[in-house]
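Working notes for the structure below.
The values are calculated or read from the model by the stated rules, or taken from the named source; none is laboratory data. What you are looking at is a predicted structure, and each value in this text was computed from that prediction instead of being measured. Backbone-built Cβ (ideal geometry, glycine too); neighbour counts: all protein chains shown.
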Amino acid sequence: MINKRLLIKNLLAHNDESSFYDKKRQLNLHTREGKAKFLKHICALSNSNPTNNSYIVVGVEDQNNEVVGVDFFDDSHIQNLVNAFLENPPKIQYENVPFPNLPKDKVIGLVTIKPNNKTSYFKKGIHTIPSKSVFIRRGSNTVPIEDSYEKNYQNAETVIGIENNSRNSIAYTLDGVIDFMNFRHKDMSPKYKVFKELFVICWAGIPKKIRDNIYLSRVDIELINEQVKLFYSALDVVTITFDNDTFTIIEFVPLGLNDMTSYYPLEKVTIHFQENGYYKMDTEMLFQPPKFNRKMLHHIYNATLALITKLQKGLILSPRESKELENLPSTLMICYLNGFEEAKQKLIAAKPLLKAQTNSNVYLSFKEAMRILRKMKYDL
């Protein structure tokens, strides 16, 4: 098993960006331009590494390699985006890797692009990239090509060497468990479970009783062997169950109007551990959007747009409006899920206004709403 934190360190230490890895300060998958840039790099790295893994490290300053971190990103459907736009798409995996010097809500993102011996190209256009476009890596640059190109097999030995130097050890595992249990979450009754004598999962959360059901809030879950954060949320709640072979997380999302909040199951993730040292994760979307009276929603939607207009004009909000501002993202999300198609774009457009608020819960609410919408379906 590869220790992903050590792998990132070895990638950053090995060289500047190259034909087998790229680094980004952040990804923006809310816009078509951001999706296009991401897909272009996936295409280029896949074509330039037909027999070895390639990587994108997210949350690192480009100039000095400073590890600054990004928000936890738990989109298990990111492969769908690649499949929708690329012909011969590579298999990719996005993992959240905690670093000791980062705040607990920040991680380094690691995108792994699996070897694909076929040429990947855009089967349909997006943003400024036309269909049939092909990209490769030349050094640290992603460039388009028009004619056929010679596949590069020179990276395989280098990448395998980096991965072998990033293998996990007993010391790394023990250090990770002790750090999680005794330091980072010592006030939250942390727990751990060993699977197949090889895998260790640690988790912590605050028990929360809601209508006779017990949930965990402020949940943090890590697969210690690979230094991968499996789940993190400051707002949503989960239930956790496990047996000797599986570990299951069911995530719930609080939604409601006029202070009437209910918890809706969002997604179920089951990790299956095997005797041969491998594991796989199955994801099942459970979410059924709540339905509300259309006439009532129309009134609420117009009031929400009026609140955004006041923010745009820099007007002072009343105490009631300031409280409504925290619920604005989830309100627009509910409107979108009930047929107000333009509500999602209104929410995205309001991002700078919400981020500028002194009440940090407002922007946190925005990020949670966008995370849920992203999980449900990409706007392709």
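If you filter region 312-338 down to residues that are small (Gly, Ala, Ser) and over 22 Å from the mean Cα position of the chain (by Cα), you find that the one that is nearest to residue 369 (Cα to Cα) is 322.
Scanning region 253-300 for residues being in a loop (DSSP other than H, G, I, E, B) and touching a residue at least 40 places away in the same chain (Cβ under 8 Å) gives a total of 8.
Take the conditions (1) outside the structural domain of residue 252 (by TED's automatic domain parsing); (2) assigned to a loop (DSSP other than H, G, I, E, B); residue 334 misses just one of them, which is (2). In region 172-196, the residues that are assigned by TED's automatic domain parsing to the domain that holds residue 206 form Cβ pairs under 7 Å with partners that are in a loop (DSSP other than H, G, I, E, B) and among the acidic types (Asp, Glu), at six or more places apart or across chains, as follows: 196/275.
If you go through region 145-171 and pick out every residue that is outside any helix (DSSP H, G or I) and aliphatic (A, V, I, L, M), you end up with 1. Within region 129-144, the set of residues being more than 25 Å from the chain's Cα centre (by Cα) and in a loop (DSSP other than H, G, I, E, B) comprises 130, 131, 132, 133, 139. Taking the numbered list (1) in contact with a helix residue (DSSP H, G or I) (Cβ under 6 Å, 6 or more places away or on another chain); (2) surrounded by fewer than 19 Cβ atoms within 10 Å (Cβ to Cβ); (3) touching a residue at least 24 places away in the same chain (Cβ under 8 Å); (4) of a type in the set (Lys, Arg) in turn, residue 344 passes all entries but (2).
Has region 199-210 got at least one residue that is in contact with a strand residue (DSSP E or B) (Cβ under 8 Å, 6 or more places away or on another chain), among the hydrophobic types (A, V, I, L, M, F, W, C) and at pLDDT below 90? Checking region 199-210: at least one residue is in contact with a strand residue (DSSP E or B) (Cβ under 8 Å, 6 or more places away or on another chain), among the hydrophobic types (A, V, I, L, M, F, W, C) and at pLDDT below 90.
Listed here are the helices (runs of 4 or more DSSP H) enclosed by region 1-113 that have at least 2 residues being surrounded by fewer than 18 Cβ atoms within 10 Å (Cβ to Cβ), of a type outside the set (Lys, Arg) and without any contact (Cβ under 8 Å) to a residue 40 or more places away in the chain: 78-85. Hey, does region 309-321 have a residue that's crowded, with 17+ Cβ neighbours inside 10 Å, over 18 Å from residue 234 (Cα atoms) and in contact (Cβ under 8 Å) with a residue 60 or more places away in the chain? There is no residue in region 309-321 that is crowded, with 17+ Cβ neighbours inside 10 Å, over 18 Å from residue 234 (Cα atoms) and in contact (Cβ under 8 Å) with a residue 60 or more places away in the chain.
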